[in-house]
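Notes follow the structure.
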Amino acid sequence: MAASLPPQDRFRTAERRRDLRATLFQFDQPAFWFYVVIVVVTGWYAISRQNVFHHISPSGWVLSWGLLIVYALPVFLAVYLLDLYEREPMSLVVASVVWGAVAATTLAGLADQGWGLVVARLGGPEFASRWTAALTAPWVEEALKVAGVVLVCLIAPNRVDDMMDGFVYGSMCGLGFAVVEDVFYFVGVFGGTTSGVLEGFYVRVVSSGLYGHVMFTGLAGMGVAYCLSRNGQASLRRRVGVAVGLFAAAVVGHFLWNSPWLDLFPSGLSSVGDWLLIPLAAAVKGLPLAAFVIIAVWLARRRERRWLHAALSSELGTPGISASELGVLLDPVARRRSVRQMRTRAGDRAASLLKRLQREQVNLAMIRARSVPDHDPELVRQRKQCKSIRDALMAMPGAAPAARPTAAPYGSA
Amino acid sequence: MDSRSALGSDASGGLPPPVAGPPMDRRPRSSAILPPLLMTVAILVVVSGGYVAAGALSERVGPPVMIGGAVRVSPLSGWQVARRFTDPPGVRFTRGVGNLDVLAASFAGDASGVARRYVDRSLKPNAVRLSVSPSTVPVRLGSGLEGVRLHYVGSFGGEQASVEGEVTAFVTPSGIGVVFDAWAPQGLLQYVVDDTRAMIEDAAVG
């Protein structure tokens with residue numbers, strides 16, 4: 001069928017087929033339909049809850065969402081852009097946010113209440129009032145949020161190939177959860193008045209926003225990604241061990257956050273000192289795990305860079321990639337700069353083509369990393385693909401710098 | 001063909017068509033269904049496990065307690081009789097800081113009247129400060145007897161801390177007004193209210 005199509009259409013057909021593997025909409029995957037059913041069912045309940053909050057305080061509800069969007073957008077971008085070499089498909093990223101905001105919050109609300117009854121039955125009301133949040137929410141909420149990462153892995157199994165991917169999807173689940181939970185707190189606990197919402201925003205977002213659900217589930221998501229992406233590289237025992245260990249770290253961090261231990265938070269906000277104490281109190285509880293997460297992300301990014309270098313070093317000298325191109329590809333700053341420079345020199349189309357060349361070279365690394373033979377048809381095909389894009393790019397006016405024919409053809413490392 | 005002209009209309013148009021990629025990852029249907037099924041089970045356990053466990057922990061212990069010849073209450077595990085009242089006849093069940101007062105006396109009127117009378121004659125005279133919910137909500141026992149429920153917050157007697165409570169009132173067909181007052185220090189009622197509601201639900205009234 002494809003052979004009878006004109007070249008452009010054949011190209012698009014192949015691209016579309018490949019893109020299909022990189023979206024949420026995998027209609028032949030039972031996991032996709034499972035995701036849809038859960039989100040639709042819980043979505044009905046989530047909307048009814050938002051209606052209640054809106055009814056309680058219409059202006060407070062709007063202000064809450066407005067403030068939280070201002071907070072969530074930069075966090076979303078920061079997490080999304082953390083993945084240096086291979087940005088995750090937007091539909092899967094958005095699906096993660098929706099899972100956290102709709103499914104995880106609704107299911108966690110029910111589950112927290114049920115396990116709260118157990119704590120109250122076993123410990124009595126005084127114990128329960130101090131410890132329920134610490135003994136129920138951490139494991140219940142982390143399990144339900146990280147289920148979103150597992151679902152993404154099941155829906156698009158080829159997309160999660162590194163720990164950074166797990167961090168991105170996990171953090172997005174956590175971000176969705178945090179936003180909806182904050183609306184609940186701003187209206188339901190801080191009263192929903194303008195001053196109450198602003199107070200809640202200061203306490204829960206300005207002072208503590210760095211340490212919450214985004215970080216916890218990012219960590220747990222890294223464990224899921226490690227477990228699923230290291231098949232063949234690490235033993236099952238090690239993979240499961242790392243996943244369980246990182247999930248446990250997220251739960252322990254969440255437990256410390258919710259527990260009465262190390263609680264330096266003031267009982268009210270009656271003086272300037274109280275306001276200043278809140279960020280300090282939040283840091284005491286949240287900073288240790290935040291440091292752990294930052295180190296884990298830094299290690300994952302370093303590993304990602306090493307992986308790319310190792311995979312593409314053996315491709316040097318083939319039509320797939322040159323040494324200068326590899327230098328640019330390995331450095332995210334140089335990579336962005338090269339695209340910017342290309343746009344200045346040769347226009348938007350050339351910049352877009354260069355971005356695609358870099359993306360295809362990352363795909364080349366992924367094929368190479370599967371330890372396929374040098375003449376594997378898929379590898380050869382990908383090299384040709386890279387070459388053809390490069391040739392097309394170099395043929396564009398202004399794309400090739402005339403003064404440096406032997407140096408980096410489209411930028412500098 | 002000039003690659004520039006091709007790229008002028010479509011950035012990819014002048015490129016040689018790539019051979020179709022590797023076949024898409026399609027696992028056998030049975031193995032693709034298994035993980036979502038396992039996830040369903042896991043989510044069900046997490047969401048409903050607490051209710052099941054709490055139900056298993058909420059056993060009726062000891063003999064039922066008779067109040068005013070009209071109400072029989074079976075205390076759940078952890079609850080015990082702390083005090084008995086004579087006028088009107090009643091019993092206080094306690095679990096930690098949580099309490100359930102059960103009172104029964106003849107009454108001519110409906111359940112709302114019983115609830116109002118309890119607030120006026122028992123709560124208000126002892127309250128330093130009292131705030132009662134402006135309306136009542138209907139409740140229905142397993143036996144079909146209908147009643148009302150209201151909430152209050154207040155400070156009573158020499159106690160420093162505020163108390164919050166939930167009053168549930170019924171009138172039996174034989175004309176006995178029955179009041180259940182579940183109360184605890186403010187903020188703690190939520191941790192006992194499921195117990196008290198379960199005991200009210202199971203009480204034999206009439």
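Observations on the structure shown:
- Check on residue A:305, free of Cβ contacts under 8 Å to residues at least 12 places away in the same chain and of a type outside the set (Val, Ile, Thr): no
- Taken as a whole, region A:210-226 holds at least one residue that is out of contact with any Phe, Trp or Tyr (no Cβ under 7 Å at 6 or more places or on another chain), surrounded by fewer than 20 Cβ atoms within 10 Å (Cβ to Cβ) and in the same structural domain as residue A:58 (by TED's automatic domain parsing).
- Number of the condition not met by residue A:152 [criteria: (1) surrounded by 23 or more Cβ atoms within 10 Å (Cβ to Cβ); (2) at the interface with another protein chain (Cβ under 8 Å from one of its Cβ atoms)]: (2)
- Residue match in region A:170-177 (condition: buried (at least 21 other Cβ atoms within 10 Å of the Cβ), on the phi < 0 side of the Ramachandran plot, out of contact with any Phe, Trp or Tyr (no Cβ under 7 Å at 6 or more places or on another chain) and within 14 Å of chain B (Cβ to nearest Cβ)): no
- Scan of region B:27-70 for residues that are in contact (Cβ under 8 Å) with a residue 12 or more places away in the chain, more than 7 Å from every other protein chain (Cβ to nearest Cβ) and closer than 13 Å to residue A:117 by Cβ, ordered by number: none
- Selected residue [free of Cβ contacts under 8 Å to residues at least 24 places away in the same chain, surrounded by fewer than 20 Cβ atoms within 10 Å (Cβ to Cβ) and closer than 30 Å to residue A:59 by Cα] from A:242, A:284, A:272: A:272
- Near pairs, Cβ below 6 angstrom, 6+ apart or cross-chain, from region A:382-398 (over 17 Å from residue A:350 (Cβ atoms)) to any residue that is assigned to a loop (DSSP other than H, G, I, E, B) and of a type in the set (Val, Ile, Thr): A:383/A:318
- Hits in region A:363-381 (condition: modelled with pLDDT of 90 or more, in a helix (DSSP H, G or I) and out of contact with any Gly (no Cβ under 6 Å at 6 or more places or on another chain)): A:365, A:377, A:378, A:379, A:380, A:381
- Helices (runs of 4 or more DSSP H) (entirely within region A:69-165) containing at least 1 residues that are among the aromatic types (Phe, Trp, Tyr) and not assigned by TED's automatic domain parsing to the domain that holds residue A:366: A:105-135, A:137-155
- Taken over region A:156-184, the criterion of being modelled with pLDDT of 95 or more and of a type in the set (A, V, I, L, M) is satisfied by A:168, A:172, A:175, A:178, A:179, A:180, A:183.
Residues are listed down the side, and each one gets a yes or a no for (1) part of a helix (DSSP H, G or I); (2) buried (at least 17 other Cβ atoms within 10 Å of the Cβ); (3) of a type in the set (Lys, Arg):
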| site | (1), (2), (3) |
| --- | --- |
| B:85 | no, no, no |
| B:94 | no, yes, no |
| B:101 | no, yes, no |
| B:108 | no, no, no |
| B:112 | yes, no, no |
| B:125 | yes, no, no |
| B:142 | no, no, no |
| B:149 | no, yes, yes |
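- Looking at B:193, B:119, B:148, just one residue is at pLDDT below 95 and either farther than 18 Å from residue B:67 by Cα or not assigned by TED's automatic domain parsing to the domain that holds residue B:71 (or both), and that residue is B:193.
- Failed item, numbered, when residue B:83 is tested on (1) among the basic types (Lys, Arg); (2) within 18 Å of the chain's Cα centre (by Cα); (3) closer than 29 Å to residue A:123 by Cβ: (2)
- In this entry, residue B:175 passes the filter for residues that are on the phi > 0 side of the Ramachandran plot and in contact with a strand residue (DSSP E or B) (Cβ under 7 Å, 6 or more places away or on another chain).
- Pair list, Cβ under 9 Å, 6 or more apart: region A:363-378 residue over 15 Å from residue A:310 (Cβ atoms), other residue assigned to a helix (DSSP H, G or I) and modelled with pLDDT of 85 or more: A:363/A:382; A:363/A:385; A:363/A:386; A:373/A:379; A:374/A:380; A:376/A:367; A:378/A:367
The values are calculated or read from the model by the stated rules, or taken from the named source; none is laboratory data. The shown structure was predicted, so the numbers you read here are calculated from the model rather than taken from an experiment. Quick reminder, even Gly has a Cβ in these numbers, built from the backbone with ideal geometry, and neighbours come from all protein chains shown.
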